[in-house]
Structure formats: C-alpha cells, structure tokens
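Structure record follows, encoded as structure tokens.
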Amino acid sequence: MAQFSYIALDNGGREQRGLIDASDEREVAQQLRAQSLFMVAVHEGQAVDLPGARQKSLRYFLSFFSPRRYLPPSINDRSLFLRQTALMLKSGYTIVQALDASSQLTDRLRFSRTIHRMSDAIRRGASFSSAIAAEKRTFTSLEAKLIASAEQGGDLAPVLERLSDDLTRRREVRRQFLVSMIYPTILIFFGSGVLYYLVTSVIPKFAHFLAGRGKALPPLTQFLLDISDWFIVYGPTLISWLAIIIFSLLVAYTTVIGKRKIDRVMLNIPVFGKTALFSGMAQAGWTMGMLLRSGVTLLEALRMTGSVMNNQTLADDFDRSADQILSGRSLASAFNQTVFPMLMQHMAAVGERSGALEQVMEESGDFYRKELRARIATLTEWMVPAGVLLIGLPVGIVYYAFFTALLAVSGGR
C-alpha cells in the first residue's frame, strides 16, 4: 500500500484535497467514487500541492477573462459533454454525479449553467431525457428522443456515445461544405473588387491621358472606355439594386416558404448543388443508421432525420418519405419520389431485403462523406485556374487594350 494525495470534486462541485492509502491510482479513483467524489488529479506521496496545481489555478483565474467562456456551447462542446457523461456512467457514476462533474469540466459559463439546471431538474424527480428536452436552446429534439428511448432500454451510455460520434461527424461534414463554399466566395468578391477598381479608377485615368491626343482609339479600347463611362453613371444604382436583392433573399430565407424555394434552387446549381446534396446525404445516412440501431422505428427515424437537415428541400423529402411509409410503400419506393440520388434508393432496397437497414444507412453516410471530400478536393483544384481567369483575364484585357491604344496614338504622330 502507498499513500496518494488527490484533488477531487464533490457533488456540489467543490474542490476536495487529501491523502488516501491505496495500491495504485485506479484504486484511489474507486475509493473516491465510493465517497461520491470525482477525481481530478492524483499524485503518489504526501505533497500537499500537486504538480501543476498552481498553474491550473492560474489558468482557471485567467479563463474568466476569455471571451470564449461567455459564448454559447458549440457542437464540439456538446459532443465532448455527451462522451464524458457516457464515460462516467460506464465507470459507475450516477447521472447526477456525472452532470455535476461535467459542469465543472466545461469552460463555457452558459453551458455549465445549463448542465446545473439539468442536474437540479433530475434531483427534483425529472428524467434525463426530459431535462435535455427542456434545454431547447442547447440540445435538439432528436437528442432528447434518443435519450428517452435509451432510458427505456437501459443502454444510456452507448447511445450517448453514438450521439457524440454523430455530432463529431456532423461538424466535420459542415466544415468540409463551408470550405467548399468559402474559397469561391472569396474569389468572387476579390475579383469583383479588382474589376470595380479597374473600371472606376484605372480606365478613367487612361481615358483622360488619351483624350488629349486627338486620335481615334482601337475598338477594344473605346469599348472599355464606354463601359467605364456607363458604370460611373449607373454603377451606384446597379450596386444598390444588387444589395437590395441580396438583402431580400436573406430576409426571404428566414421564412419557411422562402427557405424551401431557395434551398431547392441551391440543389440545382451546377457543381455546388451536388456538393450540398452529398453533404445532406452523408448526414442523413449516419443519422438514420444511428436512430435505427437505437431502436427507433423507421417512420420516426425518417421524421427525425428530416428535422436535422439544413436544406429544407431534403427535410421535406424525408417527411414525404415518411408519409409514403405510412401508406404501405417500401423505403426504396418512398425514396424514389424525392431528389435523393439513385444510389440512396438502391441502398435502401438492399437494406430492406437483407434486414440490416441500419448498417446499410451508416455505410451510405460514409460513402457520401468520402464523395463529399473528393468533390471538395476537386473543386479546390479547379478554383486555382478559375481564380487566375477571374482576376487575371480582366487585368490582361485592360492592359492589352491600352497598350494597343498607346501604340496607335504614338504611331499617329
């Protein structure tokens, strides 16, 4: 037996320090757990101040000045919370003990308060799923329903791990999709800025220089001068209308009808539409597989999968598929009435015939994630020459036009 010094948290989240006799650190954790304490750090010997304790205290103090502490919880925070809770439940903690410990482990103040409210609700007799469902700003209805199903089946920890994995995958898919959208957007704005500068600044200066020579200009040079004159006169009006249109689209996107129409148009945009569709199918495959594996019925799985879709068109198609299931049709037949890819329909048919629909859906999600990654890589490769054309071509045309104009004016003297 050896003596260990430890730092632990009690049920109220207060720090406890002391000495304990045990054969190893694992036994220390077991003894502390029996006392309803959550071990934070342990060190063999009688050192009162554990290695790094002062540094941890300093970091804890400085964390109060971090803006991140006061932000709402991110997907990563929720994923980490679910995985930590599952780990503690497997280690023998009660759900209240796990929540009290998790509230201390997060560095987000709002999230810590949310977990505290959930812990208090459970102490008053509420279930974990109802406590989750009450925090609508933090957790989704899908998470609450899955946890409710797990509570009834007695397998809460595995379901929490699946939810954590699903959030991690969802974050990765969203990140990949945003990467594919950000680069073209930057190119478009940068290219537009270059064109604006050429039309409103460079070309008028050349026009003023050439105007005093009294010579006829080449057609291309005159065409650029006419464009510059037109844009100087009508450009502010054009930019104003574009701003109004963009603002109107953003406002329309906040409505159900507007979001539905815009999302459908987005799915039909060349290149980018396929990227959005593959992103949605990757998320749908994982979500359906997770729901079916957790014991949720196919009808509920379709409804709940639709509720997590970012694209309203895909969400509506999942709802229509659920209605088709209610009318007695197969899943493959229901998917045939939607914008879903043909492969998704075939995979649904294979899953129904083999009786392993949840596995087939998960494999479909993995397939579309890999396809999404490949499309993003291809799109990024194409953006380089596209950027050169978008920015370099107008600049080249301007320089060529005025170089030929200078030659014409010089030769005419």
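The values are calculated or read from the model by the stated rules, or taken from the named source; none is laboratory data. These numbers come from a predicted model, not from an experiment. Cβ coordinates were reconstructed from backbone atoms using ideal geometry, including for glycine residues, and neighbour counts include every protein chain displayed.
When the residues of segment 309-349 are filtered to those that are under 21 Å from Met290 (Cα atoms) and either out of contact with any helix residue (DSSP H, G or I) (no Cβ under 9 Å at 6 or more places or on another chain) or among the hydroxyl-bearing types (Ser, Thr, Tyr) (or both), which remaining residue is modelled with the lowest pLDDT?
Across segment 309-349, the extreme among qualifying residues is Ser330.
Among the candidates Ala322, Ala276, Ala282, single out the residue that is more than 22 Å from Leu178 (Cβ to Cβ) and in a helix (DSSP H, G or I).
After applying the criteria, what remains is Ala322.
Return the only residue of Glu362, Glu358, Glu352, Glu371 being at pLDDT 85 or above, surrounded by fewer than 17 Cβ atoms within 10 Å (Cβ to Cβ) and assigned by TED's automatic domain parsing to the domain that holds Leu291.
That would be Glu352, the only listed residue that is at pLDDT 85 or above, surrounded by fewer than 17 Cβ atoms within 10 Å (Cβ to Cβ) and assigned by TED's automatic domain parsing to the domain that holds Leu291.
When the residues of segment 202-214 are filtered to those that are surrounded by 14 or more Cβ atoms within 10 Å (Cβ to Cβ) and either of a type outside the set (A, V, I, L, M) or not assigned by TED's automatic domain parsing to the domain that holds Val233 (or both), which remaining residue is modelled with the lowest pLDDT?
Looking at the filtered set, the residue picked out is Arg213.
Name the one entry in Val159, Val199 that is in contact (Cβ under 8 Å) with a residue 12 or more places away in the chain, surrounded by 15 or more Cβ atoms within 10 Å (Cβ to Cβ) and more than 31 Å from the chain's Cα centre (by Cα).
Going through Val159, Val199 in turn, the sole match is Val199.
Of the numbered conditions (1) at pLDDT 85 or above; (2) in contact with a Phe, Trp or Tyr (Cβ under 9 Å, 6 or more places away or on another chain), Leu298 fails exactly one; give the number of that condition.
(2)
Report every pair of residues separated by at least 6 positions or lying on different chains whose Cβ atoms are under 6 Å apart, first residue within segment 243-258 and within 21 Å of Phe189 (Cβ to Cβ), second surrounded by 10 or more Cβ atoms within 10 Å (Cβ to Cβ).
The qualifying pairs are Tyr253/Lys259; Tyr253/Ile262.
Could you please find all residues in segment 265-324 being within 30 Å of Pro158 (Cα to Cα) and among the aromatic types (Phe, Trp, Tyr)?
Phe278, Trp286, Phe318
Let's see how each residue does on (1) in a helix (DSSP H, G or I); (2) in contact (Cβ under 8 Å) with a residue 12 or more places away in the chain:
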{"site": "Val339", "(1), (2)": "no, yes"}
{"site": "Leu343", "(1), (2)": "yes, yes"}
{"site": "Ala349", "(1), (2)": "yes, yes"}
{"site": "Glu363", "(1), (2)": "yes, yes"}
{"site": "Tyr368", "(1), (2)": "yes, yes"}
{"site": "Ala377", "(1), (2)": "yes, no"}
{"site": "Pro385", "(1), (2)": "yes, no"}
{"site": "Phe403", "(1), (2)": "yes, no"}
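Just give me the residues in segment 14-52 being assigned to a loop (DSSP other than H, G, I, E, B), in contact with a strand residue (DSSP E or B) (Cβ under 9 Å, 6 or more places away or on another chain) and either modelled with pLDDT of 75 or more or surrounded by 14 or more Cβ atoms within 10 Å (Cβ to Cβ) (or both), in sequence order.
Ser23, Asp24, Gln35, Leu37, Leu50
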